[in-house]
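Comments concern the structure below.
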Amino acid sequence: MSSRNGRRRVNQHTVVAIVEDKPGVLMRVASLFRRRGFNIESLTVGPTEAQGLSRMTIVVDGESAPVEQVEKQLYKLIDVVKVSDLSNEEMVARELALIKVRCNNLNRHEILDIAQVFRADVVDIATNSLILQVVGDEDKINGLIKMCEPYGIRELARTGRVAMVRGPKTTTVHEEVPESIARIHASQGRRVEGVELPFSSD
Amino acid sequence: MARLSGAEILLECLQREGVEVIFGYPGGVVLPLYDALPRYNIRHILVRHEQGAAHMADGYARASGRMGVCLATSGPGATNLVTGIATAFMDSTPVLAITGNVARTLLGRDGFQEADITGITMPITKHNYLVMRASDLALTVREAVHICTTGRPGPVLIDIPKDVFQEEAEFEWPEEVRLRGYKPTYEGHAGMIRRAAQLINEAKRPIIIAGHGVIWGDASRELIELAEKAQIPVITTFLGIGAFPEDHPLSYGWLGMHGMYYANMAADNADVVIGVGMRFDDRAMGRFKDFNPTAKIIHIDIDPAEIGKNFATAVPIVGHVKNVLPRLTELVKEATHEEWIAWIDRVREEHPSLEIRETRRLIPQYVVRTLYEETNGDATIVTGVGQHQMWAGQHYFYKRPRQLISSGGLGTMGFELPGAIGAQIARPDAEVWAICGDGGFQMTMQELAVVVDEQLPIKIAIFNNGYLGMVRQWQQLFYNRNFMAVAMTQPDFLKIAEAYGIPGIRVETKAEVRDAIRTARQHRGPFLIDFMIDQEENVWPMVPAGAALKETIEAPPEELVR
């Protein structure tokens, strides 16, 4: 957690890895963590502002993994382009959760009041349940979950943390690759689509 | 630009990369490749098991310093490579593994002989590729070779579906490799090199521990210059044997579980430890927390992830040893370290570790030492894993890099014979001896057929004690002599050799050793000697498992001396 947003969990590290958007890259990263015994608390992946690059935000349990080794081992993967440890940075860390809460005509208002306190949105509503969508740091989400528990949580989905350094500093990569190489990198290992492949078996 | 099939593009690229030999085994999905192979100037060695192909490529690489290439078909062919790839990965050797896979339409549908070999080998390769288009092949091969041979070398696998071999594409040789995520550091940090020099200049008891990286970084000469200028004693790791000439006055053998007593004591009593191209592995360093806690460690390695992995480092230097060492030597002051060297010399006099006992029985140490004498210390020795490996490391004295070839990290029994084949093919004029355990030899002895096919003059010495000797030694010392599953009824190795057309001799007494070695050397082709060594001889010195280097036991306890 950012120190601005409250207490920092000392044994948690937020590591951002910019990786080549290639098949298998998630397996390479996950396999590395498993093999070295580093515990992943959450891992999120998505595209970046640059084509061909994805961003992974990995929350690592620092007890299991000296963060320096995590960074260095990640760097050894050819498909990992840049690794940043955000733990000592001023950062914005956010997570989104969808919470399906049991409700009825009598208590629906109470739940909506609670949602308002947490600035959670109601994104679906039915006679005996509603879905709250909340964005924030983990403490806030945990707080809302705790408040909803007495009513009965039917289902819970959380995204895991995404994070970004505050201020103009970035953790992105600005390195253009020649078009001829980028084209092949984009197709390496990917299934051929839209073409009827010959069927052959030996 | 020319229009070529995937198979042709692959072979064209390999040829341009300087590949001269492929160790392979054909099968359904690689047939298009085999069909094109005769049109290229690449020699194909037909192995008898794919594991042999991977070890041969590895032995070829270790003997020559060049990339070794192995080839297998899909499914079982590919999975049979796994042990060999893992062996190369643990010891950081450049092996390129090429596998076929089922046609693209069948991938993921559990086709006949389909195995997800890229998934399987992810943790044991430096990188791997599944190629889905013939048009991607050329750049993929270039990248693979680049990754395999630069930085910290390591195995790379390329998996190619059958119909990609057949698909046609425009071939263009990619002039450039651009990998955003792979930029090895070659230049050491100047400030760190200065700090290292300062630490060395202030040291009273410095020691250099040289590893495999010195051999792969081709920096033996640079290491000698540093050691001589500042008179720093040098020990090596097991895989570093040969990185520093063992007949050099500053050489103090190698350290570790079966290293020399004085080498272990020197490492444990040094005030500055300079690790060069090595990774502070557990077999070398003993119990981590009790290894020389006051020593300041300078660690020079090309792989940043090795620094600080097992030990806190005072001065980390990430770079290529061949660049870093001369710059360090320049800043290091001349010194003598007389007291320190005298101290180690005294330990060595009191605990010589490598004396051959006078015995009536045929002991393996005597065999290795006689081999050393008869070959003038010039042979290339390839070993398997176990007691014979340790004796071969201890009692032969190595003068140059790449003279001892052995699976150190993974400890792969059965490496000896295929490893020796690869080494002999890489260096046809070298005198290559495969020192084999009687257990490990049987794991890969089918490759004797390759020795005969290729008419390789390899000399095979089996150290036959009828036991899995190292396991038996542990059962004797740590499991109260409960010898379980270690005694082996061995076949008649001479008859096996004979079946392949290889002559041999059985040696049962010390008196026969020298003549047998001479006979083998005089024979122009391959030759096998079955040395019936003492059954319960053990390897000493020894750091018991989980003990610290300072707890090295130099010689067997009284009750074990016979």
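The values are calculated or read from the model by the stated rules, or taken from the named source; none is laboratory data. From a predicted model like this one, the values you see are computed outputs, not experimental measurements. In this analysis, Cβ positions are derived from the backbone assuming ideal geometry, glycine residues included, and neighbour counts consider all displayed protein chains.
Quick check: is even one residue across region B:206-222 at pLDDT 95 or above, within 20 Å of residue B:547 (Cα to Cα) and crowded, with 22+ Cβ neighbours inside 10 Å?
Yes: one or more hits.
Condition test on residue A:128, is it away from every other protein chain (no Cβ under 14 Å), farther than 30 Å from residue B:175 by Cα and out of contact with any Cys (no Cβ under 9 Å at 6 or more places or on another chain)?
Considered against the rule, which asks whether it is away from every other protein chain (no Cβ under 14 Å), farther than 30 Å from residue B:175 by Cα and out of contact with any Cys (no Cβ under 9 Å at 6 or more places or on another chain), residue A:128 comes out as no.
Just need a number here: residues in region B:1-48 that are within 14 Å of chain A (Cβ to nearest Cβ) and of a type in the set (Asp, Glu).
Within region B:1-48, residues that are within 14 Å of chain A (Cβ to nearest Cβ) and of a type in the set (Asp, Glu) number 1.
Being more than 23 Å from the chain's Cα centre (by Cα), buried (at least 23 other Cβ atoms within 10 Å of the Cβ) and part of a loop (DSSP other than H, G, I, E, B), is that true of even one residue in region B:260-271?
Yes: region B:260-271 contains one or more residues that are more than 23 Å from the chain's Cα centre (by Cα), buried (at least 23 other Cβ atoms within 10 Å of the Cβ) and part of a loop (DSSP other than H, G, I, E, B).
Taking residue A:22, is it within 24 Å of residue A:176 (Cα to Cα) and free of Cβ contacts under 8 Å to residues at least 12 places away in the same chain?
No; evaluated as a whole, the condition is false for this residue.
With respect to residue B:229, is the statement that it is in a helix (DSSP H, G or I) and either surrounded by fewer than 24 Cβ atoms within 10 Å (Cβ to Cβ) or touching a helix residue (DSSP H, G or I) at 6+ places or on another chain (Cβ under 9 Å) (or both) true?
Criteria met by residue B:229.
Could you tell me whether region B:80-88 includes any residue that is closer than 22 Å to residue B:20 by Cβ, part of a strand (DSSP E or B) and in contact (Cβ under 8 Å) with a residue 60 or more places away in the chain?
No, every residue in region B:80-88 fails to be closer than 22 Å to residue B:20 by Cβ, part of a strand (DSSP E or B) and in contact (Cβ under 8 Å) with a residue 60 or more places away in the chain.
Filter region A:103-118 for residues that are among the charged types (D, E, K, R) and surrounded by fewer than 15 Cβ atoms within 10 Å (Cβ to Cβ); which is farthest from residue A:149 (Cα to Cα)?
A:113
Looking at A:72, A:76, A:82, which is the one that is within 18 Å of the chain's Cα centre (by Cα) and of a type in the set (Lys, Arg)?
Only one candidate qualifies: A:82.
In region B:123-135, which residues are under 18 Å from residue B:73 (Cα atoms), at the interface with chain A (Cβ under 7 Å from one of its Cβ atoms) and either part of a helix (DSSP H, G or I) or hydrophobic (A, V, I, L, M, F, W, C) (or both)?
Result: B:130, B:132.
Any residue at all in region A:61-78 that is more than 12 Å from every other protein chain (Cβ to nearest Cβ), assigned to a strand (DSSP E or B) and of a type in the set (Gly, Ala, Ser)?
no
Please go through region B:154-179 and give me each residue that is outside any strand (DSSP E or B), more than 10 Å from chain A (Cβ to nearest Cβ) and buried (at least 24 other Cβ atoms within 10 Å of the Cβ), ordered by number.
B:155, B:165
Of the conditions (1) small (Gly, Ala, Ser); (2) assigned by TED's automatic domain parsing to the domain that holds residue A:138; (3) touching a Phe, Trp or Tyr at 6+ places or on another chain (Cβ under 7 Å), residue A:97 clears all except one; give me its number.
(3)
Please go through region B:180-228 and give me each residue that is under 30 Å from residue A:182 (Cα atoms) and among the hydroxyl-bearing types (Ser, Thr, Tyr), ordered by number.
Of everything in region B:180-228, those that are under 30 Å from residue A:182 (Cα atoms) and among the hydroxyl-bearing types (Ser, Thr, Tyr) turn out to be B:182, B:185, B:186.
State whether the residues of region B:53-62 include one that is surrounded by 19 or more Cβ atoms within 10 Å (Cβ to Cβ), in contact with a helix residue (DSSP H, G or I) (Cβ under 7 Å, 6 or more places away or on another chain) and assigned to a loop (DSSP other than H, G, I, E, B).
no
I'm checking my understanding of the structure. Among residues of region A:27-59 that are farther than 21 Å from residue B:130 by Cβ, over 12 Å from the mean Cα position of the chain (by Cα) and not in a helix (DSSP H, G or I), which one is nearest to the other protein chains (Cβ to nearest Cβ)?
A:50
Considering B:530, B:515, which residue is closer than 20 Å to residue B:376 by Cα, out of contact with any Asp or Glu (no Cβ under 6 Å at 6 or more places or on another chain) and not in a loop (DSSP other than H, G, I, E, B)?
From the options B:530, B:515, the qualifying one is B:515.
Just need a number here: residues in region B:539-555 that are crowded, with 18+ Cβ neighbours inside 10 Å, in a loop (DSSP other than H, G, I, E, B) and out of contact with any Asp or Glu (no Cβ under 7 Å at 6 or more places or on another chain).
2
When residues of region B:336-365 are filtered for being farther than 16 Å from residue B:267 by Cα, part of a helix (DSSP H, G or I) and touching a helix residue (DSSP H, G or I) at 6+ places or on another chain (Cβ under 6 Å), how many remain?
Final tally of qualifying residues: 2.
Counting only residues that are surrounded by fewer than 16 Cβ atoms within 10 Å (Cβ to Cβ), give me the strands (runs of 3 or more DSSP E) lying completely in region A:119-202 with at least 3 of them.
Answer list for region A:119-202: A:121-125, A:153-158.
Out of region B:345-387, which residues are among the aromatic types (Phe, Trp, Tyr) and surrounded by 21 or more Cβ atoms within 10 Å (Cβ to Cβ)?
Residue satisfying the conditions is B:366 alone.
Residue check: is residue B:318 over 24 Å from residue B:233 (Cβ atoms), among the hydrophobic types (A, V, I, L, M, F, W, C) and in contact with a Ser or Thr (Cβ under 8 Å, 6 or more places away or on another chain)?
In short, yes.
So how many residues does region B:96-122 have that are in a helix (DSSP H, G or I) and either more than 21 Å from residue A:80 (Cβ to Cβ) or not assigned by TED's automatic domain parsing to the domain that holds residue B:13 (or both)?
Summing the residues that are in a helix (DSSP H, G or I) and either more than 21 Å from residue A:80 (Cβ to Cβ) or not assigned by TED's automatic domain parsing to the domain that holds residue B:13 (or both) in region B:96-122 gives 1.
Please find, among A:113, A:137, the residue that is away from chain B (no Cβ under 14 Å), without any contact (Cβ under 8 Å) to a residue 40 or more places away in the chain and not hydroxyl-bearing (Ser, Thr, Tyr).
A:113
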